[in-house]
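*Asks:* Quick one: the structure is below, and I'll ask about it shortly.
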Amino acid sequence: MDIATLIGILGGFGLIVATIIMGGNAGGFIDPPSVVVVFGGTFASAFIMFPMGVVLKSFKIALKGFFAKPNDPKAIIDQIVALAETARKESLVALEKVAIDNEYLKKGIILVADGTDGDLVRSIMEIEIDFMKKRHFQGQGVLKGMGTMAPAFGMIGTLIGLVQMLSNLSDPDAIGPAMAVALLTTLYGSILANVVFLPLAKKLEERSFEESLFMEIMVEGVVAIQKGEHPSIVKEKLQAFLAPAMRDASS
């Protein structure tokens, strides 16, 4: 569970609700037709902008904003250095017998143990990174699109409410409440976009960057092993991916 995402969303909604309650008349901020226009319109536009499969998958991808297994670059670097030592002391073929939990790293090591050319190994592994980024980009695109459309449907709902209000000007006492209801759709759209969709899309973008960087570390490590580089050189090269504070003091 990503506590930061949970705190952000709950905190955002909490501040809005608290402000409404402190202002009094909290019931006046609840309007089912406005909810239908904003939520229904936003999701409907998503199905227009993207294929159905992409939209449905994006909801699963969005969960990564809340649940994501943290990557440990230092641990993977240590493992790659150990693999480099095994290859240097024994042989590249000996790497096939080493237990590797990370499937992406395991795939690269198997290619090396099979005698695959270094440039081809890099190409194969980078193709997987590229397609991973494209899948993530699609999910982010759906959320960004919904974040753009939510305020737009909020404005559409407001315009509908204004038309209904102006068509009933014969009752002055109803103008104030009608105007308040008309503005609620704009409020709903803004909240949905700026508390949920756009921040979540940005979080997924950061997650994608972290994952691709983690995979790039493995690519460089696997290629270095294939070239027969000394383990200390491999370590120095891979430590360059880390922030100075995360690197070993001996590096």
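The values are calculated or read from the model by the stated rules, or taken from the named source; none is laboratory data. All figures in this text were calculated on a predicted structure; none of them were measured in a lab. Glycine also receives a Cβ, built like all others from the backbone with ideal geometry; neighbour counts cover every protein chain displayed. What goes into the accessible areas is simple: the full protein's heavy atoms, side chains included, and nothing from ligands, DNA or RNA. Shrake-Rupley method; radii C 1.70, N 1.55, O 1.52, S 1.80 Å.
*Asks:* Given the condition modelled with pLDDT of 90 or more, of a type outside the set (Gly, Ala, Ser) and crowded, with 19+ Cβ neighbours inside 10 Å, answer yes or no: does some residue in the range 59-72 qualify?
*Replies:* no
*Asks:* Return the residues of the range 80-124 that are among the aliphatic types (A, V, I, L, M), under 24 Å from residue 213 (Cβ atoms) and open to solvent by 80 Å² or more (accessible area, probe 1.4 Å); say none if nothing qualifies.
*Replies:* 120
*Asks:* Okay, moving on. Please go through the range 195-210 and pick out each residue that is surrounded by 18 or more Cβ atoms within 10 Å (Cβ to Cβ) and among the charged types (D, E, K, R).
*Replies:* 203, 207
*Asks:* Name, by its number, the condition in (1) open to solvent by 70 Å² or more (accessible area, probe 1.4 Å); (2) part of a helix (DSSP H, G or I) that does not hold for residue 77.
*Replies:* Looking at each condition in turn, residue 77 falls short on (1).
*Asks:* Please give the helices (runs of 4 or more DSSP H) falling wholly within the range 174-251 in which 1 or more residues are under 21 Å from residue 70 (Cβ atoms) and not aliphatic (A, V, I, L, M).
*Replies:* Answer list for the range 174-251: 198-226, 231-239.
*Asks:* For the range 213-233, give me each residue that is open to solvent by less than 60 Å² (accessible area, probe 1.4 Å), closer than 19 Å to residue 120 by Cα and touching a residue at least 24 places away in the same chain (Cβ under 8 Å).
*Replies:* 215, 217, 218, 219, 221, 222, 223, 224, 225, 226, 228, 229 - these are the residues of the range 213-233 that are open to solvent by less than 60 Å² (accessible area, probe 1.4 Å), closer than 19 Å to residue 120 by Cα and touching a residue at least 24 places away in the same chain (Cβ under 8 Å).
Table: residues versus (1) of a type in the set (Gly, Ala, Ser); (2) more than 26 Å from residue 55 (Cα to Cα).
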| position | (1), (2) |
| --- | --- |
| 116 | no, yes |
| 119 | no, yes |
| 122 | no, yes |
| 127 | no, no |
| 138 | no, no |
| 141 | yes, no |
| 144 | no, no |
| 148 | no, no |
| 153 | no, no |
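*Asks:* Output the residue which, of all residues in the range 157-194 that are open to solvent by 50 Å² or more (accessible area, probe 1.4 Å) and polar (S, T, N, Q), is modelled with the highest pLDDT.
*Replies:* Filtering first and then ranking leaves 194.
*Asks:* Could you count how many residues in the range 125-138 are among the hydrophobic types (A, V, I, L, M, F, W, C) and surrounded by fewer than 15 Cβ atoms within 10 Å (Cβ to Cβ)?
*Replies:* 3
*Asks:* Between residues in the range 45-73 that are farther than 18 Å from residue 4 by Cβ and of a type outside the set (A, V, I, L, M, F, W, C) and residues that are open to solvent by less than 30 Å² (accessible area, probe 1.4 Å) and not in a helix (DSSP H, G or I), which pairs lie under 9 Å by C-beta distance while being six or more apart or on different chains?
*Replies:* Here the result reads 73/242, each pair linking the range 45-73 to a residue that is open to solvent by less than 30 Å² (accessible area, probe 1.4 Å) and not in a helix (DSSP H, G or I).
*Asks:* For the range 241-248, state whether one or more residues are touching a Lys or Arg at 6+ places or on another chain (Cβ under 7 Å) and open to solvent by 60 Å² or more (accessible area, probe 1.4 Å).
*Replies:* Scanning the range 241-248 turns up at least one residue that is touching a Lys or Arg at 6+ places or on another chain (Cβ under 7 Å) and open to solvent by 60 Å² or more (accessible area, probe 1.4 Å).
*Asks:* State yes or no: is residue 148 closer than 30 Å to residue 34 by Cβ, crowded, with 17+ Cβ neighbours inside 10 Å and of a type in the set (Ser, Thr, Tyr)?
*Replies:* No, not satisfied.
*Asks:* Which one is surrounded by the most Cβ atoms within 10 Å (Cβ to Cβ) among residues in the range 1-39 that are under 24 Å from residue 203 (Cα atoms) and touching a Phe, Trp or Tyr at 6+ places or on another chain (Cβ under 7 Å)?
*Replies:* Here the residue is 38.
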